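The values are calculated or read from the model by the stated rules, or taken from the named source; none is laboratory data. Note that the structure is a prediction, hence the values are computed from the model and not measured. Glycine also receives a Cβ, built like all others from the backbone with ideal geometry; neighbour counts cover every protein chain displayed.
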Amino acid sequence: MAIDAIFSWYIEKRIHRIANYRNNPLFCQEDVLSTLITKAGNTSFGNHHRFEKISSYEDFSASVPIQDYTTLKPFIERSIAGELDVVWPGKTDSFAKSSGTTGDRVKILPVTMDSLNENHFAGGKDLLANYYLNHPSRKLYSKKHLVIGGSADLTQKNANGFVGDLSAIIVKNLPWWTEYRRTPSVEIALNPDWESKLEEMAKATISENIGIITGVPSWTLLLIKRVLELSGKSNLHDVWPNLELYMHGGMNFAPYEKEFKKLIPSQNMNYVDSYNSSEGFFGMQDQLNSKELLLMTDSGVFFEFIPMDSFDGINSKVIVPLGEVDINTEYALVISTSAGLWRYIIGDTLRFVSTSPFRFIISGRTTHFINCFGEKMIVQHAESALTDICHQLNAQINDFTVGPYFNESGSNGGHEWFIEFDREPKFLDEFEIALDMALKKYNSDYEAKRFKNINIGIPKFNYLKKGSFEQWLKSKGKLGGQHKVPRLLNERTILDEIQELNK
């Protein structure tokens, strides 16, 4: 169709841009930092930190302290109140709610039109452009794009200003050419009640000609299963025969991949990962045969990194720019953006696997780890072990979390797992032994401290009925969209909450 040809021409014009930041990342980062500093020079934050005196990265790192949400919050609250030129020039009209992973903590993050255009929208267009490069002659634009957004309850806070989920802000500001093919309707997409929204979305899209799905894996699977229930079909291509692309992000896809391929059994189906969040769009899978992510160094974000072996939050002493990172070292990510987040610790950790170009994997969260007994276990260890064992034993997990138990006789304590299966293994005792062994393979510290159960005792397992984690998320007001169960916990608060709900 002509519309596909026009779209392909438009999107392929971005290939040169992608090649530039892939091949010249450090030059791009210098330019981004200079542009950010220049644009924000007359803001309150810029004046406070004397941006007019900054002419190099060294000046920037010396003038602006490392920030977290607590230190930036006073500036953000002034922006929410309608004050101009606080962390970014002009008036910031939109703010993204980003729920914390413990307790009821909610972060309210600025989203400017510059950050939407230069980062969030740019990232999506680059991802599609790269997909067209890897898969020539695709005809996606004449098909519908199913966008599974999150909690979209926008609340007016001041004149023309809103606080809501990022997906709602994006839907309200999408360019016409994207909105033209998006489904479901805005009314359904902005439904704040995830349970009714899921039902409405399934009914509204079941007869559409869907070519692309985008969304968080766990919630996307729920929608797929509901569509199959309503249609009476056994696989999704019987419902949407032209479906060819699932763009995912927000959590590790590996534990869900087998189930997706079972429900979408087609050699023509493609899966593309990305790294995006309320704070920004940072990376995309750009290679056909590798799931590593390319760092997007020309999208209004300046990157810095704190080695996790010396991480101490905003008191961290070692912070390095992109040009000084090493491969196979775990880093906490620090960003400065065109939304007005300055040297902000986002809370994610990553590990570079290549520096030419800069490709990486997401390894976890600065707060999502278990190190109660010196085991230094990160999310990647747990997810890799579970993926291996589920494949080996033909099992499928809906969700899981793991934290410590303490003061058992014969050891200091150990790990307690809460697991919700979609498909249980035949023998649970075999699963438990195999998982323990797999964790030892991925984490030598865990293996050493599990020796004879002296330091870390035998893991405990709790198997929950389907819907248990969804019930916990709902109890915390975090149902749907980007909200997810924290994988690894260094204390028991959430474990005890889930256990109480499942009595």
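Tabulated results
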| item | result |
| --- | --- |
| Residues of the range 262-276 satisfying the condition of being part of a loop (DSSP other than H, G, I, E, B) and either in contact (Cβ under 8 Å) with a residue 24 or more places away in the chain or surrounded by 20 or more Cβ atoms within 10 Å (Cβ to Cβ) (or both) | I264, P265, S266, N268, M269 |
| Cβ-Cβ under 6 Å pairs, at least 6 apart or on other chains, the range 489-503 side touching a residue at least 24 places away in the same chain (Cβ under 8 Å), far side not in a helix (DSSP H, G or I) and not polar (S, T, N, Q) | L489/G403; N490/I370; R492/G403; L495/G403; I498/F418; N502/L464 |
| Filter result for the condition that a residue is in a strand (DSSP E or B), more than 19 Å from the chain's Cα centre (by Cα) and at pLDDT below 90, over G374, G414, G347, G364 | G414 |
| Residue satisfying condition, being crowded, with 19+ Cβ neighbours inside 10 Å and among the β-branched types (V, I, T), within set T337, T329 | T337 |
| Residue in the range 326-349 that is more than 30 Å from T70 (Cβ to Cβ), among the charged types (D, E, K, R) and out of contact with any Asp or Glu (no Cβ under 9 Å at 6 or more places or on another chain) present | no |
| Odd one out for K203 among (1) part of a loop (DSSP other than H, G, I, E, B); (2) at pLDDT 90 or above | (1) |
| Selected residue (criterion: farthest from T367 (Cα to Cα)) from residues of the range 86-100 that are in contact with a Gly (Cβ under 8 Å, 6 or more places away or on another chain) and assigned to a loop (DSSP other than H, G, I, E, B) | K91 |
| Criterion: in a helix (DSSP H, G or I), without any contact (Cβ under 8 Å) to a residue 60 or more places away in the chain and among the charged types (D, E, K, R) - qualifying residue of E83, E77 | E77 |
| Residue match in the range 95-108 (condition: of a type in the set (D, E) and at pLDDT below 90) | yes |
| Condition check for K197: surrounded by fewer than 17 Cβ atoms within 10 Å (Cβ to Cβ), out of contact with any strand residue (DSSP E or B) (no Cβ under 7 Å at 6 or more places or on another chain) and of a type in the set (K, R) | no |
| Where L288 falls short, out of the listed (1) among the hydrophobic types (A, V, I, L, M, F, W, C); (2) part of a helix (DSSP H, G or I); (3) over 26 Å from A168 (Cα atoms) | (2) |
| Selected residue (criterion: surrounded by the fewest Cβ atoms within 10 Å (Cβ to Cβ)) from residues of the range 482-503 that are over 13 Å from the mean Cα position of the chain (by Cα) and at pLDDT below 85 | K503 |
| Among the residues listed as E259, E244, E279, the single one being in contact (Cβ under 8 Å) with a residue 24 or more places away in the chain, touching a helix residue (DSSP H, G or I) at 6+ places or on another chain (Cβ under 7 Å) and of a type in the set (D, E, K, R) | E259 |
| Single unsatisfied condition, W240 versus (1) aromatic (F, W, Y); (2) closer than 27 Å to R487 by Cβ; (3) in a loop (DSSP other than H, G, I, E, B) | (2) |
| Residues within the range 7-51 that are among the hydrophobic types (A, V, I, L, M, F, W, C) and part of a loop (DSSP other than H, G, I, E, B), tallied | 1 |
| Contacts under 8 angstrom Cβ, first residue in the range 291-315 being surrounded by 22 or more Cβ atoms within 10 Å (Cβ to Cβ), partner assigned to a loop (DSSP other than H, G, I, E, B) and among the basic types (K, R), 6 or more apart | E304/R343 |
| Check on Y446, in contact (Cβ under 8 Å) with a residue 24 or more places away in the chain, out of contact with any His (no Cβ under 7 Å at 6 or more places or on another chain) and either among the acidic types (D, E) or under 30 Å from T220 (Cβ atoms) (or both) | no |
| Residue in the range 449-478 that is nearest to W219 (Cα to Cα), counting only those that are in a helix (DSSP H, G or I) and either among the basic types (K, R) or out of contact with any helix residue (DSSP H, G or I) (no Cβ under 8 Å at 6 or more places or on another chain) (or both) | E470 |
| Filter result for Y463 (modelled with pLDDT of 85 or more, crowded, with 21+ Cβ neighbours inside 10 Å and within 26 Å of K258 (Cβ to Cβ)) | no |
| Residue list for the range 430-439, filter: surrounded by 17 or more Cβ atoms within 10 Å (Cβ to Cβ) and either under 17 Å from K376 (Cβ atoms) or of a type outside the set (A, V, I, L, M) (or both) | F431, E432, D436, A438, L439 |
| Within the range 52-74, considering residues that are in a loop (DSSP other than H, G, I, E, B) and out of contact with any helix residue (DSSP H, G or I) (no Cβ under 8 Å at 6 or more places or on another chain), the one surrounded by the fewest Cβ atoms within 10 Å (Cβ to Cβ) | S55 |
| In the range 347-375, the residues that are touching a residue at least 12 places away in the same chain (Cβ under 8 Å), over 30 Å from N453 (Cα atoms) and surrounded by fewer than 22 Cβ atoms within 10 Å (Cβ to Cβ) | G347, D348, R351, F352, V353, S354, T355, P357, R359, I361, I362 |
| Among the residues listed as E447, E470, the single one being under 24 Å from S277 (Cα atoms), surrounded by 13 or more Cβ atoms within 10 Å (Cβ to Cβ) and not hydroxyl-bearing (S, T, Y) | E470 |
